[in-house]
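Where a number appears in this text, it was derived from the coordinates with a stated rule and is not lab data. Small disclaimer: the values here were computed from a predicted structure and weren't measured. Don't worry about glycine lacking a Cβ; one is built from the backbone with ideal geometry, like all the others, and counts go over all protein chains shown.
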Amino acid sequence: MLSTVYPLRAMDVLTDVLNALHLQSTLYCRAELTAPWMLRFAPTHIATFHVVEQTSCWLQVDGEPTAVALADGDVIMLPHGTGHQIGHAPNTTVVATIQLDQEIPTVCQVRHFEGDGAHTTLLCGLFNFDQDNGHPLLQQLPPLIHIGRAAGQTSERLDATLKFLASEAGSSRPGTETMIKRLADILFVQIIRFWVEYQAKASSGWLSALRDPQISAALALIHRCPERAWTVQGLAQEVALSRAAFAARFSNLVGEPPLHYLTGWRLRTAAGLLRRRELGMAEIAERVGYQSEVTFSKAFKRELGVAPGTYRRRYQAVSTRARGLP
């Protein structure tokens, strides 16, 4: 299967967006299952993923009329946390319901669901990224991304990641949890890369903009230098288009006017900078193109719903709890 060839600058833009998601990956469960079985995963605000390590099973996504067959080596991600069920066969009685919004283990657990039939192993995890980021990429992700090994959709690199992840999930060696989190982060990038290259070809919007040499060049300029006093005319000149042609093509592909996208990216960048304790508010405002803290604060609150100081305090509180500090 041939993949789409993107300009190098487009890949840089995609990398910027993935970095801005502030990904926190967790493999919370290695499920050892013996038929008959069916696990129910309640809807959540967190992206979920599963890896089929042995034999086969069936996936039923809430709101979808038909079940999806899964085989050994398949990977699925539900980017929007849609409720779903996975079982050894369709229409099987649910043996357990997992409420991920209520309790997420801090370490990978091994869970057993025993019957007297065929054996299946599932790796179940979470991709918790900054849903408040609001980037158009998140809006374009489908309810389900399915990578099938039997369909030839996996790669040697993905297979290696899955093999390493499965090995660590069954290990009790020192540093296992750190290894699992890093491998899960890599898995997220591989899933997104697969979707961009294969499943999103026909989609319009932001991804289509990455395929357009001139608009992707403009996006790269915005991402690389958000602090510059960009104008529509200035961006158009940089990519050798007339102002009118550039504005029309940018809005059509990206889904919003150039300066709206610029504002959004500036403030997403600022959100990332606010997570760094050593940077003062004035310096952050300057780095993203605002001449005063007041102007920056008003724009940030308008875009993200809270003042930058409040955003920083909330992040620091969550970070402190995650590290188990008082």
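Before moving on, here are some points about what is shown:
- Residues of the stretch 258-316 satisfying the condition of being surrounded by fewer than 16 Cβ atoms within 10 Å (Cβ to Cβ), under 23 Å from Leu221 (Cβ atoms) and among the β-branched types (Val, Ile, Thr): Thr295
- Flag for Arg157 being of a type in the set (Lys, Arg), surrounded by 14 or more Cβ atoms within 10 Å (Cβ to Cβ) and closer than 26 Å to Thr15 by Cα: no
- Inter-residue pairs, beta-carbon under 8 Å, first closer than 16 Å to Ala299 by Cβ and in the stretch 273-286, second part of a loop (DSSP other than H, G, I, E, B), 6+ apart: Leu273/Leu279; Leu273/Val288; Ala285/Gln291; Ala285/Ser292; Glu286/Glu227
- The number of residues in the stretch 78-98 being assigned to a loop (DSSP other than H, G, I, E, B) and among the small types (Gly, Ala, Ser) comes to 3.
- Residue list for the stretch 37-59, filter: over 17 Å from Val75 (Cβ atoms) and not in a loop (DSSP other than H, G, I, E, B): Met38, Arg40
- Annotation note: of Leu259, Leu210, the sole residue that is part of a helix (DSSP H, G or I) and under 19 Å from Leu138 (Cβ atoms) is Leu210.
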